[in-house]
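**Q** If you scroll down you'll find the structure; I have some questions about it.
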Amino acid sequence: MSDPTTVFVATCDLSGQVRGRAVPHSDEEDVLRSGTGWVPANLGITSFGTIASGAAFGSTGDLRLLPAESTRTDIPADPDVGKPGLRLYLADQTQLDGEPWACCPRTFLRTALDELRETTGLSVTASFEHEFTLEGLPATRPFSLQRLRAAEPFGSDLLALLDGAGLQPENWLPEYGEDQFEITLRPADALTAADRAVLLRELVRDLATRRGLRAGFAPLPDPDGSGNGVHIHLSLQDADGRPVLHDPTQPGGLSEPGVRFAAGILRHARALTAWTAPSPTSYLRLTPHRWSAGGVYLAERDREALLRICPTSRLGGGDLARQFNLEYRAADATANPWLALGVLVRAGLEGLNGDPADYPRPKVWPENAAESDLTAVPALPRTLPEALQALEADKVACSWFDPDLLTTHLAVRHGELAHLDGLDGDAARARETARVH
């Protein structure tokens, strides 16, 4: 690709919205060295475009958006539709002297990963699976070749775009829901995986627009549909890069470190959802029988479990230990990927380092567990206000955040709830769906 004329330096906010500033391509080297200006109050913008009342930041203060060179992504020019090329960087939000800003979501994830490595010697490999809908296609059947072909040339163009951007696409498939598709990326180190999740959403939306379609990541665009989730896969490695989650002698094949990491996530699950599923419509999807997350439990290959032990295969000489991973299923694209993965790491770290009395060993439910066996498992919050209450009541979870970040997150969530106040269910869902497209 020839050099684009514009460079966009971006961050991802508390509502999963990508915001930033554009500079001329001729200033790229300067921006890589010293960043571009930013404002703390931008963190308090709701998904509806208003600054939330009660956010920690006002009209004063300044930051820098400092691009991470590893995130450079080129969107090629599309002359047929009059779109020029663009170079996109994701950035850390820093103080004016370059020191980390405690409320930066990307810094939050990096700090959690650093603490995990320093206290346990472990690192995280992760991957995000995204489901989304494409509006503007003919009606087709779930999982069908018809649907795959109906989306062309979008599908082939998407794979080429992601591959060219270094995002390493793994699977592109027609999904179950109406007009629904799924795209998965190969596992990567945790920070790279979260960066790729931020970029993926923007590349999908941008390409869909250029192909005369509309891509939507809303958790539940149709109340009778299956909804769009983001499944976060995690595995752990020791300092020498050896996988540590798998132990074939243990229930579900999950090792002692894996059980303890899972215990932390389960213990703080209700608070976590305030970050991983932060929209009101998220909770219309997170109900039993939607194959999303029907309860707070750990299970083998069960798509209703909050934490699923994923299948492995020996086909082709597959290494079971390296395939072995946990899947967190109560997330969607209204969440910030850096924060969603960061809170999972923080919760897992509490399980690894905490008192076993506070983090009891969870039961690993077998794949063949009947629904009647699971009636006593704890429930996830049923609404966003319930999730926010659970977060505020969980003092350990609250301690992970700079007070200004926590205050602003709560203000943004309550601001979005106020924006929907007074609307009936269908109207609120429609307005919520429109803001996630």
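**Q** For region 6-101, build the charge dipole from Cβ charges (+1 Lys, Arg; -1 Asp, Glu) around the Cα centre, then report which of Ala68, Gly54, Val39 sits farthest towards its positive end.
**A** The residue sitting most towards the positive pole is Gly54.
**Q** To continue, here is another question. When the chain is fully extended, how far beyond the present Cα-Cα distance does Asp240 get from Val39, taking 0.36 nm per residue of separation? Show your work: numbers first, answer last.
**A** Numbers: separation 201, 0.36 × 201 = 72.36 nm, distance 4.04 nm.
Extra length from Asp240 to Val39 when fully extended: 68.3 nm.
**Q** Go through region 103-109 residue by residue and turn each phi into a ³J(HN,Hα) via Karplus (6.51, -1.76, 1.60, θ = phi - 60°); whole Hz please, and just put x for glycine and proline.
**A** With coefficients 6.51, -1.76 and 1.60, one gets 9, 6, x, 5, 5, 4, 5 Hz.
**Q** Round to the nearest 0.05 the FRET efficiency obtained for Gln250 and Ser313 when R0 = 22 Å and r is the Cβ-Cβ distance.
**A** Numbers: r = 19 Å, r/R0 = 0.88.
So, using R0 = 22 Å, E works out to roughly 0.70.
**Q** Using +1 on the beta carbon of Lys and Arg, -1 on that of Asp and Glu, and nothing else charged, what's the dipole of region 6-101 about the Cα centre, debye to 20?
**A** Working: 7 positive and 13 negative charges, 55 e Å.
So the magnitude is around 260 debye.
**Q** Quick check on region 96-201: take the gyration tensor over C-alpha atoms, sort the square-rooted eigenvalues as a ≥ b ≥ c, and tell me if it's rounded (a/c under 1.5), prolate or oblate.
**A** On the way: a/c = 2.87, a/b = 2.43, b/c = 1.18.
It is prolate, given that a/c is not under 1.5 and a/b is the larger ratio.
**Q** Here's a follow-up. Just add up the charged neighbours of Leu234: K/R +1, D/E -1, any other residue whose Cβ is under 13 Å from the Cβ of Leu234.
**A** Working: positive: Arg308, Arg329, Arg346; negative: Glu129, Asp189, Glu327.
With Lys, Arg at +1 and Asp, Glu at -1, the neighbours total 0.
**Q** May I ask you to compute the full-extension gain from Cys398 to Thr383, defined as 0.36 nm times their residue separation minus their alpha-carbon distance, rounded to one decimal in nm? Let's see the in-between values first.
**A** Values: separation 15, 0.36 × 15 = 5.40 nm, distance 1.93 nm.
That pair, Cys398 and Thr383, stretches by 3.5 nm at full extension.
**Q** Suppose only helical runs count, i.e. DSSP H with n ≥ 4. What mean residue ellipticity at 222 nm does that imply for the chain under -39500 (n - 2.57) per run, divided by all residues and rounded to the nearest 500 deg cm²/dmol? Please list the in-between numbers first.
**A** On the way: 14 runs with 150 residues, N = 437.
About -10500 deg cm²/dmol.
**Q** Let me ask something else about it. Pop out the Kirkwood hydrodynamic radius of the chain from its pairwise C-alpha distances, inverse of mean 1/r, in Å to one decimal.
**A** On the way: mean 1/r = 0.0450 Å⁻¹.
Hydrodynamic radius (Kirkwood, Cα only) of the chain equals 22.2 Å.
**Q** Pull out a ≥ b ≥ c, the square roots of the eigenvalues of the alpha-carbon gyration tensor of region 6-101, then state rounded if a/c is under 1.5, prolate if not and a/b is larger than b/c, and oblate in the remaining case.
**A** Working: a/c = 2.53, a/b = 1.41, b/c = 1.79.
Oblate, since a/c reaches 1.5 and b/c is not below a/b.
**Q** Where in region 147-177 is the amide nitrogen less than 11 Å from a point lying 7 Å along the Cα-to-Cβ axis of Asp80?
**A** 153-154, 157
**Q** Further question on the same structure: Show the residues, 5+ positions off or on another chain, whose built amide H is closer than 5 Å to the amide H of Asp332.
**A** Those qualifying (amide H under 5 Å, at least 5 residues apart or on another chain) are Val230.
**Q** Moving to a separate point now. Taking the Cβ-Cβ separation of Leu137 and Ala376 as r and a Förster radius of 60 Å, what is the calculated FRET efficiency to the nearest 0.05? Walk me through the numbers before you get to the answer.
**A** Values: r = 43 Å, r/R0 = 0.72.
It comes out at approximately 0.90.
**Q** Only Lys, Arg, Asp and Glu count, each charged at its Cβ (+1, +1, -1, -1), so figure out the dipole size of the chain about its Cα centre, rounded to 20 debye.
**A** Details: 41 positive and 60 negative charges, 103 e Å.
That gives the chain a dipole magnitude of about 500 debye.
**Q** Between Gly121, Leu341, Ala10, whose Cα lies farthest towards the positive end of the dipole of the chain when Lys and Arg beta carbons carry +1 and Asp and Glu beta carbons carry -1, centred on the Cα centre?
**A** Leu341
**Q** Which of Arg314, Arg260, Arg290 ends up with the largest GNM mean-square fluctuation for the chain, with Cα atoms connected below 10 Å?
**A** Among Arg314, Arg260, Arg290, the largest mean-square fluctuation in the Gaussian network model of the chain belongs to Arg314.
**Q** Using per-residue counts of other Cβ atoms within 10 Å, averaged over each peptide, order 69-75, 97-103, 135-141 from highest down. Before the final figure, lay out the partial values.
**A** Numbers: 69-75: 16.7, 97-103: 14.6, 135-141: 12.1.
Packing proxy ranking, top to bottom: 69-75, 97-103, 135-141.
**Q** Under the rule a/c < 1.5 gives rounded, and otherwise a/b versus b/c splits prolate from oblate, where does region 206-248 land using the Cα gyration tensor?
**A** Values: a/c = 5.88, a/b = 2.16, b/c = 2.73.
It comes out oblate by the Cα gyration axes.
**Q** Can you give the extra length, in nm with one decimal, that the chain gains between Asp62 and Leu320 once fully stretched, where that is 0.36 nm per residue apart less the Cα-Cα distance?
**A** Working: separation 258, 0.36 × 258 = 92.88 nm, distance 4.88 nm.
Fully extending the segment from Asp62 to Leu320 adds 88.0 nm.
**Q** If I model a spin label as a point 7 Å beyond the Cα along the Cα-Cβ vector, how far apart are those points for Glu29 and Tyr176 in nm?
**A** For Glu29 paired with Tyr176, the spin-label model returns 5.4 nm.
**Q** So for the chain, taking the charge dipole from beta-carbon charges (+1 Lys/Arg, -1 Asp/Glu), which of Ala190, Pro366, Phe217 sits furthest toward the positive end?
**A** Pro366
Bear in mind these aren't lab numbers, they're just calculated from the coordinates by the rules spelled out. The model shown is predicted, which means the values in this text are computed figures rather than measured ones. Cβ: placed from backbone, ideal geometry, glycine included. Neighbour counts: every protein chain shown.
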